[in-house]
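Comments concern the structure below.
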């Protein structure tokens, strides 16, 4: 499925499936979300203005709606593919990882975001990783990153521990990845389970 706005693969579905569903890629979804948030902020300011006008005429104090705080600007974390020994990698997986890592960083967990980027760069640039093994690692890390980008109450508590273990098993045959995963990334991922 392709994005309704461009030719990139669709990652997000907006609306009701089968009834005006809007499929968007990561970039178009970001723009859609930013436009929606800007519209909501403008409506809130307009409503507060109307309340203040009504208050000035009646003399009765009226409550105001809290204005949305401007969010930090979304950033796209760059996963460097230049010089990577990747062969054919599912670009959807890379885009999904990039988007999830951005959300994790924007939500304040910069340590996990940086550890994920370091690990992903190592997976992509380590020559001793077979193509199938690399794809399996990336798919599982994409799932973990997607779960980490969600609020704790929405995470898949049953699947996450087993996928974290699977990644450890997949990288165990590559010493450099195993050490990086065990020392830096795994403790941060296990903290998500608590």
Quiz prompt | On Cα atoms only, tilt of 91-106 relative to the major axis of the chain in degrees | solution = 60
Quiz item: Roughly how many whole Å is it from the C-alpha centroid of the stretch 154-170 to that of the stretch 1-65?
Solution: 34
Quiz item: With each label point set 7 Å from Cα along the Cα-Cβ vector, what nm distance links residue 41 and residue 183?
Solution: 4.2
Self-check item: Cα-projected label distance for residue 158 with residue 27, points at 7 Å along beta-carbon direction, nm
Solution: 3.9
Quiz item: Translational D (Stokes-Einstein, µm²/s) of the stretch 91-192 at 10 °C and 1.306 mPa s when Rh comes from the Kirkwood sum over C-alpha pairs?
Solution: 118
Quiz item: Taking only DSSP H segments of four or more residues, each worth -39500 (n - 2.57), what value at 222 nm results for the chain once the sum is divided by all its residues, to the nearest 500 deg cm²/dmol?
Solution: -18500 deg cm²/dmol
Quiz item: For the chain, what is Rg from Cα atoms divided by 2.2 N^0.38 Å, rounded to two decimals?
Solution: 1.31
Self-check item: Stretch gain in nm, segment residue 172-residue 114, where the contour uses 0.36 nm per residue and the Cα spacing is subtracted
Solution: 18.8 nm
Quiz prompt | Among 22, 180, 112: highest mean-square fluctuation, GNM of the chain, C-alpha pairs under 10 Å | solution = 22
Quiz item: Relative to the first principal axis of the alpha-carbon coordinates of the chain, what is the inclination of helix 110-125, with its axis defined by its Cα atoms, in degrees from 0 to 90 and to the nearest 10?
Solution: 40
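Computed from the coordinates by the stated procedures, all read-outs in this text should not be read as laboratory data. Just so it is clear, the structure is predicted and the values come from calculations on it, not from any experiment. FYI the Cβ positions are ideal-geometry reconstructions off the backbone, even for glycines, and counts take in every protein chain you see.
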